[in-house]
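Report on the structure given below.
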Amino acid sequence: MSQFQLKDKDLFRQQCYINGQWCDAEDGATIDVDNPSTGDIIGQVPRMREADTLQAIAAADRAFPAWRDKTADERAQLLYRWYELMMEHQDDLGAIMTLEQGKPLAESKGEIAYAASFLKWFAEEARRVYGDTIPAAKPGQHIVVIKQPVGVTAAITPWNFPASMITRKAGAALAAGCTMVVKPASATPYSALALGELATRAGIPAGVINVITGSAAAISSTITSSPVVRKVSFTGSTEVGSQLMSQCAEHIQKVSLELGGNAPFLVFDDADLDKAVEGAIASKFRNTGQTCVCVNRFLVQDGVHDAFVEKLKAAIERLKVGDGFEDGVTQAPLINKGAVDKVLEHIKDAREKGGKVILGGEAHERGGNFVQPTLIVDATQDMEFCVEETFGPLAAVIRFQDEQEGIRLANDTPFGLASYFYSENIHRVWRVAEALEAGMVGINEGLISNAAAPFGGVKESGLGREGSKYGIEEYCEVKYLCMG
Ligand code: NAD
């Protein structure tokens, strides 16, 4: 940890957290974790496999009855304490995140606050898991619906939001009375392990939450072949999500899938262009373009195309590329070399198909995992970036003529996570909002994530919702009681 000193060194955990204990892999194997800004090895975490995963599942299973039987208020207080501890340690948690994930420190601290907000939100929601009474079919009969926790659950999470993708699941699961085994991405285990440390300090009982790092294939196949695990919640790529969904078929495990997107960002002739550019920068370049709700396709109407491009170019030129620990940096490195290659491949493909690079277009002079923020115009829907997520700082602009064409292009993708559009015309706002095939629509707004709102996608972007009052339902079974 060369660039910073943690105020609380015990937050940097290099072991896994099972049944309230810190432990190594059964065979002692480890994985190296590096800093994407420098390539330096930060440390090692256990490379757990089947036997370790079974131990974590068994711990969650043993902890379940007592956790389920706590009152909602008791669970809420523990979750709330976990939230408070995250906020008390926001600086250290942010630093750990920047070290392993690369994102600018201010963004890391922002993610910690966002991640903690799910614990707070679900601490409150724990008290509101209401049932129903329903008019019965016969005199003297009573129909009552109660909600109960599904049981032992598992979360498999990605590297791009190392803390919030965990709390968005664990907050809901624990509030509902479920226990959980969490497997974070191998690139960003330390943020997850720090959450385990804070869960202990918050007084969350042993086994209620367990964090294991290691082989994705071995851990996930152990989870999906265990009849003890009743639900798997996955955030990551559509490819892996689809594979996990078929694995979950064996024991009919419930699944929630938060998968990839290919968000369109429509700018209509009647848009406020300054607002649109502000939203475009926030949505496209946050986390250096590595968010599932990142704009992947700018669709701009002919009448404002040139003016929008000019303003967007000026805004991109103001972005500062560098190590996430440097002051004022807004664009950090990508997670690894593979991510850099993908962005450069999308730029090359766009060039070959007639796109014009008007800013950037190359690897950054800093080398390593840095890429220049890039702007391409004259893009077309047959380019590779329209088929798969770029996951990097490439803004490519497609021109369209009228509203119908804009909507058709926006929906011309197998994905349906986020979408955005800018218009000052209230009639158009309603028409377009209803026509876009997406789980989330930002209307004159580029930042849509919020613990109070339902997050999730349609089409190949996923199943289920996280956050909001809907998020806790994913961890509840509905039981019908028929009283004669
Ligand atoms: P990924 O699918 O490669 O990995 C996600 C998780 O799955 C990691 O923990 C990884 O170790 C594990 N994994 C990898 N291969 C596996 C396998 N064969 N079986 C089981 N688990 C496996 O995704 P990533 O590269 O870490 O994350 C980026 C992707 O996540 C993007 O597609 C992004 O859009 C998506 N994402 C979606 C959301 C959302 O809420 N919809 C949020 C963040 C990221």
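The values are calculated or read from the model by the stated rules, or taken from the named source; none is laboratory data. Source: prediction; values computed, not measured. Because the Cβ atoms are built from the backbone with ideal geometry, glycine has one as well, and the counts that use them run over all protein chains shown. These area figures cover heavy atoms from the full protein model, side chains too; ligands, DNA and RNA do not enter into them. Shrake-Rupley method; radii C 1.70, N 1.55, O 1.52, S 1.80 Å.
Quick notes on this structure:
- Scanning the stretch 440-484 for residues that are polar (S, T, N, Q), over 14 Å from the mean Cα position of the chain (by Cα) and open to solvent by 10 Å² or more (accessible area, probe 1.4 Å) returns a single hit, N444.
- Taken over the stretch 198-223, the criterion of being within 21 Å of the chain's Cα centre (by Cα) and either more than 10 Å from the ligand (Cβ to nearest atom) or not aliphatic (A, V, I, L, M) (or both) is satisfied by L198, A199, I209, N210, V211, I212, T213, G214, S215, S220.
- Among (1) of a type in the set (V, I, T); (2) assigned to a helix (DSSP H, G or I); (3) in contact (Cβ under 8 Å) with a residue 40 or more places away in the chain; (4) more than 16 Å from the ligand (Cβ to nearest atom) - the single one V277 does not satisfy: (3)
- Scanning the stretch 280-319 for residues that are of a type in the set (D, E, K, R) and within 16 Å of the ligand (Cβ to nearest atom) turns up K284, R286, R297.
- Scanning the stretch 322-352 for residues that are away from the ligand (no atom under 14 Å from the Cβ) and polar (S, T, N, Q) returns T330, Q331.
- Some residue of the stretch 235-256 being open to solvent by less than 10 Å² (accessible area, probe 1.4 Å), assigned to a helix (DSSP H, G or I) and touching a residue at least 40 places away in the same chain (Cβ under 8 Å): yes
- From the options G102, G151, G140, residue that is open to solvent by less than 30 Å² (accessible area, probe 1.4 Å), more than 15 Å from the ligand (Cβ to nearest atom) and on the phi > 0 side of the Ramachandran plot: G151
- Within the stretch 224-239, the set of residues being within 10 Å of the ligand (Cβ to nearest atom) and touching a helix residue (DSSP H, G or I) at 6+ places or on another chain (Cβ under 8 Å) comprises T224, V232, F234, T235.
- With a requirement of 1 or more residues that are among the aromatic types (F, W, Y), modelled with pLDDT of 95 or more and out of contact with any helix residue (DSSP H, G or I) (no Cβ under 9 Å at 6 or more places or on another chain), the helices (runs of 4 or more DSSP H) lying completely within the stretch 1-120 that satisfy it span 50-69.
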